[in-house]
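Novice: Let me begin by handing over the structure; questions about it come next.
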Amino acid sequence: MLDNVGQDNIEQDNIESDNAGRDNITQNDTEQDNIMDLADYATRKMREAGADDGQIFVTKGECRQWEFENGEFSRFVTTFNEDSNVAVYKDRKRGARFLNKADLKSIDLAVRDALESSAAAQADDAEGIAPNQGTICTEKGILEPDMDRFFCRLMEMKADLEQNYPNLKIDSMDANYFKRHLVYRNTSGTVCDEHMGRYFVSLGVVGKQGDEVTNPCYEGVQLTDLERPLMDCGSFRLIAWSAERSLGAKPMEGKFTGTVLMVPNMVQEFVSNLWGLVSRGSILDGTSVWRDRLGCQVADERLTVRIDPSAACVCAGESITFDGFRPEPYELIKNGILQYFDLDYFASKKTGLPMKKNYSANMIISPGNCSVEDMVRHIDNGIWLENYAGANPDPNGNFSGVATTCFRIRDGKIAEPLKEVSLSGNFADLAMHIRDISKEISEDGGGSYPFISVDGVVISGK
């Protein structure tokens, strides 16, 4: 029991969803309210109401969470949630309705509203649902959590931070276990029955010395086991080091074009921005700078980006796509060559171009052969980038923003911490000017990311 791990000071609450007393499919249906029956009912209801085709996601979830306030865990709360997500198609028109309820009355309402929505939509031959994918039954992650051990790991993490980083303050901490039962069904006959559970820890830390407080550094990690200390997962140690070492940061003088060495969190953001260059919207409206680059080199040949919800490093990845397809891994970029645009079923039919193989964001970025130490040594003039804040790039890939946590790299060594540093450039150009990719990687339960350094960034001080 939780009381056995020294949590006497933690108030335990049990918060149920507002509609916990809802009508059930049968009076004896108390386990999960039989959401498979709800999904079956929904597909029948769609046909009876006049839809040509349709699909539904029904989910019921449970979250057990510790609340963290003023440097201490204060409460243990359990919450429940449920939802129904219906889409229908009639006369080549699509309508949808989402409700944060899952019962017969809600299904009736969602189907009715979705059909009314479809009547007002514009007809398009590209609208429709996936063909029959068969039956998919999956159990992912950890379905029976060890909450006592989880709390012990959290306290161990807190003690590690306090002992090894004396000039560090915990700015925020979120720790929870989440379990979900998801059912998908469509009128083509596809059925997906997924049970998923995972631990999650996010940490925000700041350097603090006297009255000085640095900008916060953040990391979040999903886990399916508790075998390792939490500080050894993801980039928790890296953000602690960065926040503490940022004390004493001063504005940079001048402006130069140099090299940026991105830590794994920033690499994830960098590649996500590259992904944005091939987004559904930018391809459909023809504004992407890469709109004519499918099958062409768009990045350094060392860059390979695999999207793989089934990868060993991914915690409880996708079981069914939002359009009702079985997910398969694919390479967005392989050896620098653009393999796919980010097109769903509709956009693929609309353009005649290949559809992406899954709808996840589980990026596996291939490591390189260079150590992080050597990456730094190879840079004469640049910065080490830990945090960045800026608007999304334009369709051509142009960006500008501020490095909120960074360090000067000078003559192959990490030097002083900086603040008020502006960065600008073009993501498409930077992809072609990768200097090094590290052999070290960071895995956060959602993907795998190395360190990457790029040339040609405009770095501006005061």
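The values are calculated or read from the model by the stated rules, or taken from the named source; none is laboratory data. Since this is a predicted model, take the numbers as computed values, not measurements. A quick note on method: Cβ atoms are made from the backbone with ideal geometry, for glycine too, and the neighbour counts reach across all protein chains shown. Calculation scope for accessible area: heavy atoms of the full protein, side chains included, ligands and nucleic acids excluded. Shrake-Rupley method; radii C 1.70, N 1.55, O 1.52, S 1.80 Å.
Novice: Of the residues CYS217, CYS192, CYS233, which is under 30 Å from GLY134 (Cβ atoms) and touching a Leu at 6+ places or on another chain (Cβ under 9 Å)?
Specialist: That would be CYS192, the only listed residue that is under 30 Å from GLY134 (Cβ atoms) and touching a Leu at 6+ places or on another chain (Cβ under 9 Å).
Novice: Taking the criterion of being within 30 Å of ARG326 (Cα to Cα), of a type in the set (A, V, I, L, M) and in a strand (DSSP E or B), would at least one residue in region 397-412 satisfy it?
Specialist: No, region 397-412 contains no residue that is within 30 Å of ARG326 (Cα to Cα), of a type in the set (A, V, I, L, M) and in a strand (DSSP E or B).
Novice: Now for a separate question. Here is a check on your reading of the model: is ASP113 over 26 Å from the mean Cα position of the chain (by Cα), surrounded by 15 or more Cβ atoms within 10 Å (Cβ to Cβ) and of a type in the set (Asp, Glu)?
Specialist: yes
Novice: Also, quick follow-up: Take the conditions out of contact with any Lys or Arg (no Cβ under 8 Å at 6 or more places or on another chain), over 25 Å from ASN85 (Cβ atoms) and either open to solvent by less than 30 Å² (accessible area, probe 1.4 Å) or in a loop (DSSP other than H, G, I, E, B) (or both) and apply them to VAL201. Does it pass?
Specialist: yes
Novice: Oh, and also: Name the pairs whose Cβ atoms lie under 6 Å apart, with the first residue in region 316-334 and more than 24 Å from ARG97 (Cα to Cα), the second in a loop (DSSP other than H, G, I, E, B) and of a type in the set (A, V, I, L, M), and 6 or more positions between them or separate chains?
Specialist: Partner pairs satisfying both residue conditions: ILE333/ALA299; ILE333/LEU303.
Novice: Now for a separate question. Pairs under 7 Å by beta carbon, first residue free of Cβ contacts under 8 Å to residues at least 60 places away in the same chain in region 72-83, partner among the β-branched types (Val, Ile, Thr) and open to solvent by less than 30 Å² (accessible area, probe 1.4 Å), six or more apart or different chains?
Specialist: Partner pairs satisfying both residue conditions: ASP83/THR59.
Novice: Let me ask something else. Are there any pairs, at least 6 apart or on different chains, whose C-beta atoms fall under 8 Å, with the first in region 148-171 and closer than 17 Å to ARG245 by Cβ and surrounded by fewer than 15 Cβ atoms within 10 Å (Cβ to Cβ) and the second of a type in the set (A, V, I, L, M, F, W, C) and modelled with pLDDT of 95 or more, and if so, which?
Specialist: Listed pairs, sorted by first residue: ASN164/ALA240.
Novice: Residue by residue through region 172-198, note down the ones that are open to solvent by less than 30 Å² (accessible area, probe 1.4 Å) and not β-branched (Val, Ile, Thr).
Specialist: Within region 172-198, MET173, ALA175, ASN176, TYR177, HIS181, LEU182, TYR184, ASN186, CYS192, GLU194, MET196, GLY197 meet the criteria.
Novice: Same structure, new question: Of the conditions (1) in contact with an Asp or Glu (Cβ under 8 Å, 6 or more places away or on another chain); (2) in a loop (DSSP other than H, G, I, E, B), PRO450 fails just one. Which one is it?
Specialist: Here PRO450 clears every test but (2).
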